[in-house]
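The values are calculated or read from the model by the stated rules, or taken from the named source; none is laboratory data. Since we're looking at a predicted model, the values are computed, not measured. Counting neighbours? That spans all protein chains shown, and the Cβs are built from the backbone with ideal geometry, glycine included. Protein only, heavy atoms only, side chains kept; ligands, DNA and RNA dropped before computing areas. Shrake-Rupley method; radii C 1.70, N 1.55, O 1.52, S 1.80 Å.
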Amino acid sequence: MSNKEVKAALKSARDAIRNKEYKEALKHCKAVLKQEKNNYNAWVFIGLAAAELEQPDQAKGAYKKAIELEPNQLLAWQGLANLYEKPNQTDVKGDLADVYQKLLELYKSGDKQKWCDVCNKLVELYHQEKKYLEVAETWQKLIQMRQEEGAEKAELHQLWKKMIQLLKDSTRNQDNKTEQLLLTAFEHAVNSADTVPGEDHQNLYKDFIQCLSKFPHEAARLEKACNDMMALYPTMSYPLEVLCLHFVNSGTLSEEALHCFSRLLEMDASSGPGIIGFGIKCLQEKKYKEAVKSLTEGLQKTNQCPAAWHYLAEAQVKIHKHRNAVLSCNQALEALEIPEGPNLRWKNLVLQLKAETLIKIANADAAEEAIKALEQIVDGSSDPVISAIRGQAYLNKGLMDEASKISQELLLSHPDLAESHALDGYIHYSQKNYEQAERSFLNAIERKAETAEYHQYLGLTYWFMSDETKKDKGKALTQFLKAAKLDSYLGSAFFYLGNYYRDIAGDKSRARGCYKKAFELDEMDEESGTAAVDLSVELGDMDSALSILNEVTEKASPGTAKWAWLHRGLYYLRSGQPSQAVADLQAALRADPKDSNCWESLGEAYLNRGSYSTALKSFRRASELNPGLMYSIYRAAALEQILGKYENAIATYQQILKKTENYVPALKG
């Protein structure tokens, strides 16, 4: 076949393809290849025809042969791209990306429009594959090309916005290079907007700031973006809210942060981040109750802020609301599901605070939960303070050997740590080794004199050590006073002071003041409440006693606060108000239906009211619960006599006399 015939055969192949006679085209091409096996066009036409005849493998082979012959010719690359783009082609995305890359190279110096078209396709392909870095780098090349071509500002603005759109899901991948390209796109988009200020620009700025807030290491950029947006949109609270939350999460409260909080509250008094900021300021200023109030309110509006939950728990611990603090720690941990970056620091802090708080609840279940929390702290095993907390948890759980082992290790490895000596003190105190406990608590106080708990435990050590140390003003009393001074919310310190003034100093008035304070701090502390009421009665101050009892019973839910209902019921009984006494004693029995003395008092109240049948039932119930209650059995017999049940009455009197021969009321009956 001559050169002329080759050209004719290729022309016939081209015409056949145009007329969709693909088999015919293949015949012509094969004839050419017999003569010229390296004919580029013949291979390209075979690729085209085979692709249309649904013979993809033959098509691919033909295009690849053509590319081998002429790597920088467009036709075969275009054909291969068209082949890979067909919907029936699977698992070729990687190959297609390589083809697009080559086409970009070939179009670069020539057809700019086609270069842009291929670039768009390549970006779309990378985006489907979630290859965000490749998306970013390729799209940036497209923008660069358009800039070189002298594109208008408006077009470039749209291209930067499109890049943001393409990369908006990439923030989950935490790839630093992609992240930087996304932030660059935001900066260009924000700076190239036409209408400033304007709604679109405002929304774009919000998205930019929201994106920056996901990257903890971009703090400086975030602060700048927020400040720039505030300058442009001074009435918008959004940038200020983000900035406030950023300061809250950073854990360091500078003057700038405090200024931000107050500025935000001036702009919007109901802003969650603003109220949270104010709560943290109160915590810093040791206004713990105000801190709890503000942080609780702020978190109702902005609840996904782990740092704020931690601050709330901290404030609750300061006022000894330990169960509430544990709940706040749990909320913080829920909000900390992503454990990367600064979140890891917050997670460790929250877990440690949770464990410390659970130790203060001081029961075996709480101790078990504390141990579980400590196990989750990253690198916690190397921290001596965390080891000391673990030792206390073991002690609360009754695992003395484990606690002692940790204590001995800490005293050897960290003799200068207050917590090492305190743990040793707790262990000796629980074993009633008061002299060793005294030595340990003094060592702890020497290293950390501002810890109220150490002083309280040293006071208790002196209280139980001997009568001498209990009565010595310089021992127990001094330590309880120091504990109360260092922590004015420590109810138990005031309770022990009450014990001292009542039992040692004989100062009932001062003792009552201490018990009252202890009870105000912890309304669940029945011992303090009861002591305050009893001393008020002894001092002839019934108004104060009733005031405490009324306050407790008003707040009490059914089946609780037995002590208050019982005390008030007995007061009404003594003061000739049997109907009120009946109501209060019934409420006391709801809390404890097996209290025989309470049933006896209720019987007395019914009797005084003239309800004989009910009184009889109450006295019988009292004697069933406690057969030794002679008075109740006698009262039951007397009531049977009043009600005309003489045989029953005689039997009951005889029953009493069997047990107590000379019980005069029974003989009389």
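Only Lys, Arg, Asp and Glu count, each charged at its Cβ (+1, +1, -1, -1), so figure out the dipole size of segment 419-553 about its Cα centre, rounded to 20 debye.
I would put it at about 520 debye.
Subtracting the Cα-Cα distance from 0.36 nm times the residue separation, let me have the gained length for Arg263 to Asp365 in nm, one decimal.
Length gained between Arg263 and Asp365: 32.2 nm.
Based on the Cβ-Cβ distance from Leu643 to Lys508, what FRET efficiency comes out when R0 is 56 Å, to the nearest 0.05?
Numbers: r = 45 Å, r/R0 = 0.80.
For Leu643 and Lys508, the calculated efficiency is 0.80.
Give me the distance between the Cα centres of segment 359-400 and segment 116-195, rounded to whole Å.
51 Å
Percent relative contact order of segment 150-296, based on C-alpha pairs within less than 8 angstrom and at least six residues apart?
Taking the mean separation of contacting Cα pairs over the length of segment 150-296, I get 14 percent.
From the residues Cys211, Ser170, Asn191, which one has its Cα farthest along the dipole of segment 100-221 in the positive direction, the dipole being from +1 and -1 charges on Cβ of Lys/Arg and Asp/Glu about the Cα centre?
Checked the options; the winner is Ser170.
In degrees from 0 to 90, rounded to the nearest 10, what is the angle of the helix 418-430 Cα long axis to the longest principal axis of the chain?
The two axes meet at around 40 degrees.
Can you find, among Asn39, Leu539, Gln158, the residue farthest towards the positive end of the dipole of the chain? Put +1 on the C-beta of Lys and Arg, -1 on that of Asp and Glu.
Farthest towards the positive pole: Asn39.
If we count every other residue with Cβ under 12 angstrom of Val537's Cβ, Lys/Arg +1 and Asp/Glu -1, where does the sum land?
Here the charged neighbours net out to 0.
Considering only the other residues whose Cβ falls under 13 Å of the Cβ of Lys177, what net charge follows from Lys and Arg at +1 and Asp and Glu at -1?
Overall, the nearby charge balance is -3.
For segment 66-88 and segment 510-555, what is the separation of their C-alpha centers, rounded to whole Å?
Answer, in whole Å: 93.
Once both axes come from the Cα atoms, what is the angle between helix 219-232 and the longest principal axis of the chain, in degrees from 0 to 90, rounded to 10?
80 degrees
Heavy atoms only, probe 1.4 Å: what % of the accessible area of the chain goes to carbon and sulfur, would you let me know?
Numbers: 16320 of 34220 Å².
In the chain, the share of accessible area belonging to carbon and sulfur is 48 percent.
Starting from the Cα of Glu155, step 7 Å along the direction of its Cβ; do the same at Arg345; then give the gap between the two resulting points in nm.
A separation of 4.7 nm, rounded to one decimal place.
If I model a spin label at Asn3 and Glu551 as a point 7 Å from the Cα along the Cα→Cβ vector, what separation in nanometres do I get?
11.5 nm
Taking Lys471 as the anchor, which aspartates and glutamates have their alpha carbon closer than 20 Å to its alpha carbon, excluding any fewer than eight residues away along the same chain?
Here the aspartates and glutamates satisfying the reach criterion relative to Lys471 are Glu435, Glu438, Asp503, Asp507.
Taking a ≥ b ≥ c as the square roots of the Cα gyration tensor eigenvalues, with a/c under 1.5 meaning rounded and otherwise prolate when a/b beats b/c, else oblate, which class fits the chain?
prolate
Roughly how big is the chain's charge dipole about its Cα centre, with Cβ charges of +1 (Lys, Arg) and -1 (Asp, Glu), in debye to the nearest 20?
1180 debye
Students often check this: by mean Cβ neighbours within 10 Å, which of 260-267, 526-533 ranks highest, and how do the rest follow? Please report the intermediate quantities before stating the final value.
Details: 260-267: 18.4, 526-533: 21.8.
The most tightly packed comes first, giving 526-533, 260-267.
Determine, for each peptide in 187-197, 388-398, the mean count of other beta carbons within 10 angstrom over its residues, then list the peptides with the highest first.
388-398, 187-197
A 31 angstrom limit on the alpha carbon distance is what I want to check against. Which of Lys372/Lys473; Lys162/Lys347; Lys224/Lys281 exceed it?
Violating the 31 Å Cα-Cα cut-off are Lys372/Lys473; Lys162/Lys347.
Setting aside same-chain residues fewer than 8 positions from Lys470, which lysines have a Cα under 18 Å from its Cα?
List returned: Lys432, Lys482, Lys508.
When the expected Rg is taken as 2.2 N^0.38 Å, what fraction or multiple of it is the alpha-carbon Rg of segment 243-299?
Cα-based Rg divided by the globular estimate yields 0.98.
Apply the Debye scattering formula to segment 21-81, with a single equal point scatterer on each alpha-carbon and no solvent, then give log10 I(q)/I(0) at q = 0.17 Å⁻¹.
-0.46
Rounded, prolate or oblate: which fits segment 605-649 when a ≥ b ≥ c are the square roots of the eigenvalues of the alpha-carbon gyration tensor, with rounded for a/c under 1.5 and prolate only if a/b beats b/c?
Note, shape of segment 605-649 comes out oblate.
Using the eigenvalues of the Cα gyration tensor, what equivalent ellipsoid semi-axes result for segment 287-371 when each is taken as the square root of five times the eigenvalue, whole Å, largest first?
So the equivalent ellipsoid measures 19, 18, 9 Å along its semi-axes.
Below 8 Å between Cα atoms, with a sequence gap of 6+, how large is the relative contact order for segment 466-617 in percent?
Relative CO of segment 466-617 lands at 12 percent.
In vacuo Debye scattering of segment 486-605, one point per C-alpha: log10 I(q)/I(0) at q = 0.20, 0.21, 0.24 Å⁻¹?
-1.05, -1.11, -1.27
With N set to the residue count of segment 438-499, report its C-alpha Rg divided by 2.2 N^0.38 Å to two decimal places.
Cα Rg divided by the expected 2.2 N^0.38 Å: 1.00.
Using helices alone, what [θ] at 222 nm do you get for the chain, with -39,500 (n - 2.57) per DSSP H run of 4 or more residues, divided over all residues and rounded to the nearest 500? Walk me through the numbers on the way to the answer.
Numbers: 38 runs with 508 residues, N = 669.
So the helix-based figure for the chain works out to -24000 deg cm²/dmol.
On a 0 to 90° scale, report how tilted helix 322-335 is relative to the longest principal axis of the chain, with both axes built from alpha carbons and the result rounded to the nearest 10.
Approximately 10 degrees, to the nearest ten.
Over the chain, with the other protein chains present, what is the accessible area per residue in square angstrom, probe 1.4 angstrom?
Result: 51 Å² per residue.
Evaluate E = 1/(1 + (r/R0)^6) for Asn330 and Arg574, where r is the Cβ-Cβ distance and R0 equals 56 Å; express this FRET efficiency to the nearest 0.05.
0.75
May I ask you to evaluate 6.51 cos²θ - 1.76 cosθ + 1.60, the Karplus curve with θ = phi - 60°, for each residue of segment 468-477 and list the ³J(HN,Hα) values in order in whole Hz, giving x for glycine and proline?
The phi angles translate into 4, 6, 5, 7, 5, 4, x, 9, 4, 4 Hz.
Provide the packing ranking of 560-566, 627-633, 119-125, i.e. peptides ordered by the mean count of other C-beta atoms within 10 Å per residue, highest first.
Going by the mean number of other Cβ atoms within 10 Å, highest first, we get 560-566, 119-125, 627-633.
Once Lys and Arg get +1 and Asp and Glu get -1 on their Cβ, which of Ser492, Thr478, Cys514 lies farthest toward the positive end of the dipole of segment 469-526?
Sorting the options by dipole projection puts first Thr478.
If I model a spin label at Tyr238 and Thr171 as a point 7 Å from the Cα along the Cα→Cβ vector, what separation in nanometres do I get?
1.2 nm
Given R₀ = 51 Å, what would the calculated FRET efficiency be for Asp401 paired with Lys86, taking r from the Cβ atoms and rounding to 0.05?
With a Förster radius of 51 Å, E is 0.10.
If you put +1 on each Lys and Arg Cβ and -1 on each Asp and Glu Cβ, how big is the dipole of segment 339-465 around its Cα centre, in Debye rounded to 20?
Numbers: 12 positive and 19 negative charges, 34 e Å.
That gives a dipole near 160 debye.
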